[in-house]
Amino acid sequence: MRDAAASNEPGEGQDRLPARAPSRGGMVSVDPRLQALSTLVHGGEQDAEEAGFDFRKYWNVIHKRRWTVVGAFAIVMLTGIIATFLATPIYRATAVIQIERQAMQVVNIPGVEPIEAPYDREFYETQFQLLTSRSMAEKIASELDPSNPVFDIMSAPSLWKKAVDLVMGADPPMDPEEEVLHKRRRLVGLIRGGLEVDPIRNSRLVRIHFYSPDAALSASIANSVAIGFMEANMERKIDTSSYAKGFLEDRLEQVKLKLQDSEKALAEFAQRERFVNVGNRETLLSSELEALTSALTAAKTARIEAQARLAQGQGANAMSHPAMLQNAGVQALRVTKGKLEAEYQEKLLTYKPGFPLMQQIRSQIEQIDKQLAAEVRMVRAGLAATYQAAKDQEALLQEQVAQLTDEVLSMQGRSTDFTVLEREVQTNRELYDALLQRYKEIGITSNVDANNISVVDPALRPGSPFTPNLKRALMLSAVLGLFIGIGLAFLFEYLDDTLKRPEEIEKHLGVSVLGVIPKLSSGSTPEQAQTDPRSSFSEAYRSVRTSLQFSTEEGVPRCLLVTSPSAAEGKSTTAVALARNFAQLGRRVLLIDADLRNPSLHRMLGTDNTVGLSNYLSGKIKPAASIKGTKTPRLTLIPSGPMPPNPAELLAGPKMLSLVTLASEKFDQVIIDGPPIMGLADSPILSNMAHGTLVIIESGTSRIATAKGALKRLFAARAHVVGAVMTKYDARIAGYGYGGYGDYLYYSYGGGGAPRALTKS
């Protein structure tokens, strides 16, 4: 439709950009020159933010939410002051004690006391817990009077407890015994609640603090805790020594009885077995058995040798036996026999065997053989006797070895039983001696040990309350108030999803910001601000007019729709201001009030609204009949006319397109004041007909989601969004001087400082 209108326009270099569809991803097609200008203006800030911590950004948030910070600070300070003056004065008394790992060793016996470590964390933590234990509190409570009114003040119920008791009803009365027990338990709880243990770093000193509404009571309880802890430590040591002595006494008695029983069993065994433990009898028997065994071995060797000689002497070669060779008689007879046999053989050559001489020699030889046989028998008898002697000696030694072996074995069996009994006696005696020694050592150390707890500084009565401390309360309240105020400021800023600064429009919506309109001070109207050409309000709209001239390659769109996501964001004021500014340039401007639901241009320009756009769209009049003049030269207005029942149907009809086409041919500039985008179909319809759409965003009011939804609807209608204008911008609320807009808005002719239009939101 816009293309059809554009074909009828004269080629006079009019400022209009042909219709473009929105680019992919919902981004708007922006003039490269305008995009380069935006990059030049805001690129430095983005680089600074990305480079590191931007203190100015956070300071702007605090400055913007300064009343939140001031309010939170004032509330916390007032609460702190009231609580300080209403609080019950609490006095703190402090006693200092010294805790040693072990007391000085008067008698240092190894094993009785452990060696002290440089710093035993577990030991000291144990001591701190003992200081705050229930038993210690009960010990102190037993020395106090439960009826002291100070304890009633300390145990007074809180307002919340009073409210609960009021709603639920008071507790039923208790028995006297239960009441006394209840008071005692309450007193123990108050002592434990008011007690504080504060160890001094890098030392063995411990501060004992007690807090109460009474100064004398605080000092008394702090000293009682210190002394009571020292006494309790001594009692624990005495109890430990007493328990150890009693335990050792029982064990000594048991071991003594066992020693007596073992000694009695040893004596009975020695008497029954007739075992006398004289020296090392078993060793002597073993040595004797070893000697007999060696002798038996030698006897066996001798017997075997004698038996071998005897067997050799009984054989056929007996004459070659060493005993025969060594016998002088045998050897002499053999020599004589040899001589006679030689003589016989010699004589035999001469005489016959029967010759008397020959018979005589034979008779001598036979006589010598008889003598030789007798000698051999005597040698053999000697060998037999030697063998029998060796055999008898071996048998005797064998018998003695067997007898001694039995005796040794018997001795070993009895000695083993005796040794077991003897060892049991020795073990029981050693255990008894060790326990007796330890018993004596504990008796000595328990009498000479000193206490390892000592009071260094007793608690003195405090002269002034510890709490409340007005100076400290004010400082704490101030810090807490600032912290809460700043936290709330950043929380509200985080929860605030409105568009407050021009950079946010470009960041979240992706459209260029063509101008920023300052917020007017209370009592000032847009009409009054526009009458002063030097005001920042007028300068801002002239800046928007200039930006529109560079918004497209062809200049200002011939037909420009001015709309906003929601109502009352300044679109009508912007439409009128732009129309007047373009008219001041000498252009013929037609301003169309297309907001048929809530028209306002006729009031702003002071014209009649009885006949207007609705009459033309309904077909009752011609276009020329709806045009009305204004006080501004070259500015013509088509008011909305009477409100019709169906504005969207009228605007979507062909007559509105014809009006836009005709007006674009007859006028240099056509500006349409459209209705809000969200919830209505009017603006998307008009945006499709117009050559460009200008979106008005109110600073601090337009929500990001609403603005995105509005742009989405415009893109769906194939609108050409040329940019956005932020209205009602207060630099001191959005962030003083943020992004350079503050300096621009505060500039005025003659260096007069900040304009009145920005002095109050």
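The values are calculated or read from the model by the stated rules, or taken from the named source; none is laboratory data. None of these values were measured; they are calculated from a predicted model. Don't worry about glycine lacking a Cβ; one is built from the backbone with ideal geometry, like all the others, and counts go over all protein chains shown.
Exactly one residue out of T68, T84, T88, T79 is in contact (Cβ under 8 Å) with a residue 12 or more places away in the chain and crowded, with 19+ Cβ neighbours inside 10 Å: that is T68. For segment 457-472, give me the residue count where each residue is at pLDDT 85 or above and assigned to a loop (DSSP other than H, G, I, E, B). Count: 9. For segment 545-572, a residue qualifies if it is within 29 Å of E665 (Cα to Cα), surrounded by fewer than 24 Cβ atoms within 10 Å (Cβ to Cβ) and hydrophobic (A, V, I, L, M, F, W, C), and exactly one does: F550. Note on segment 530-550: residues that are outside any helix (DSSP H, G or I) and small (G, A, S) total 1. In segment 214-253, the qualifying residues are those that are modelled with pLDDT of 75 or more, part of a helix (DSSP H, G or I) and of a type in the set (D, E, K, R), and the one that is farthest from Q98 (Cα to Cα) is E253.
I453 falls short on exactly one of the conditions (1) at pLDDT 90 or above; (2) surrounded by 14 or more Cβ atoms within 10 Å (Cβ to Cβ); (3) β-branched (V, I, T), and that condition is (1). Quick check on my filter: what residues within segment 152-187 are surrounded by 10 or more Cβ atoms within 10 Å (Cβ to Cβ) and modelled with pLDDT of 70 or more? Correct list: E178, E179, V180, L181, H182, K183, R184, R185, R186, L187. Quick check: is even one residue across segment 489-510 closer than 24 Å to Q669 by Cβ, out of contact with any Pro (no Cβ under 9 Å at 6 or more places or on another chain) and at pLDDT 85 or above? No: segment 489-510 contains no residue that is closer than 24 Å to Q669 by Cβ, out of contact with any Pro (no Cβ under 9 Å at 6 or more places or on another chain) and at pLDDT 85 or above. Return the residues of segment 340-356 that are part of a helix (DSSP H, G or I) and surrounded by 13 or more Cβ atoms within 10 Å (Cβ to Cβ); say none if nothing qualifies. Passing the criteria: L340, E341, E343, Y344, K347, L348.
Kindly indicate which of L520, L480 is modelled with pLDDT under 90 and either assigned to a helix (DSSP H, G or I) or surrounded by 14 or more Cβ atoms within 10 Å (Cβ to Cβ) (or both).
Testing whether each residue is modelled with pLDDT under 90 and either assigned to a helix (DSSP H, G or I) or surrounded by 14 or more Cβ atoms within 10 Å (Cβ to Cβ) (or both) leaves just L520.
The set of residues in segment 254-272 that are surrounded by 14 or more Cβ atoms within 10 Å (Cβ to Cβ) and either at pLDDT below 75 or not in a helix (DSSP H, G or I) (or both) comprises L266, F269, A270. Would you confirm whether any residue within segment 554-571 is part of a helix (DSSP H, G or I) and more than 60 Å from the chain's Cα centre (by Cα)? So far as segment 554-571 goes, no, none of its residues is part of a helix (DSSP H, G or I) and more than 60 Å from the chain's Cα centre (by Cα). If you go through segment 368-384 and keep only what is within 25 Å of E346 (Cβ to Cβ) and surrounded by 14 or more Cβ atoms within 10 Å (Cβ to Cβ), you end up with I368, Q371, L372. Taken together, the residues in segment 524-558 that are free of Cβ contacts under 8 Å to residues at least 12 places away in the same chain and within 20 Å of G700 (Cα to Cα) amount to 1.
Listed here are the residues, each with its yes/no results for (1) closer than 30 Å to G586 by Cβ; (2) in contact (Cβ under 8 Å) with a residue 12 or more places away in the chain; (3) touching a strand residue (DSSP E or B) at 6+ places or on another chain (Cβ under 6 Å).
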| position | (1), (2), (3) |
| --- | --- |
| N609 | yes, yes, no |
| S618 | no, yes, no |
| K622 | yes, no, no |
| I627 | yes, yes, yes |
| T636 | yes, yes, yes |
| N646 | no, no, no |
| E649 | no, no, no |
| A652 | no, yes, no |
| D668 | yes, yes, no |
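For the criterion of being surrounded by 16 or more Cβ atoms within 10 Å (Cβ to Cβ), in contact (Cβ under 8 Å) with a residue 40 or more places away in the chain, out of contact with any strand residue (DSSP E or B) (no Cβ under 7 Å at 6 or more places or on another chain) and small (G, A, S), S512 fails. Listed conditions (1) under 60 Å from the mean Cα position of the chain (by Cα); (2) under 15 Å from T727 (Cβ atoms) are all met by S538, apart from (1). For the condition at pLDDT 75 or above, crowded, with 17+ Cβ neighbours inside 10 Å and among the hydroxyl-bearing types (S, T, Y), S203 does not qualify.
Remark: pairs (first residue in segment 354-375, within 14 Å of E341 (Cα to Cα); second residue among the β-branched types (V, I, T) and surrounded by 13 or more Cβ atoms within 10 Å (Cβ to Cβ); Cβ separation under 8 Å; 6+ apart in sequence or on different chains) = I368/T336. Comparison of M358, M378 shows that the only residue that is more than 30 Å from Q307 (Cα to Cα) and either of a type in the set (A, V, I, L, M, F, W, C) or modelled with pLDDT of 80 or more (or both) is M358. Among the residues making up segment 31-80, a single one is modelled with pLDDT under 50 and either among the aromatic types (F, W, Y) or outside any helix (DSSP H, G or I) (or both): D31.
Residues in segment 627-663 that are exposed (fewer than 14 other Cβ atoms within 10 Å of the Cβ) and among the charged types (D, E, K, R) were compared, and the one that is nearest to the chain's Cα centre (by Cα) is E649. Annotation note: of I677, I697, the sole residue that is in contact (Cβ under 8 Å) with a residue 60 or more places away in the chain, part of a loop (DSSP other than H, G, I, E, B) and buried (at least 24 other Cβ atoms within 10 Å of the Cβ) is I677.
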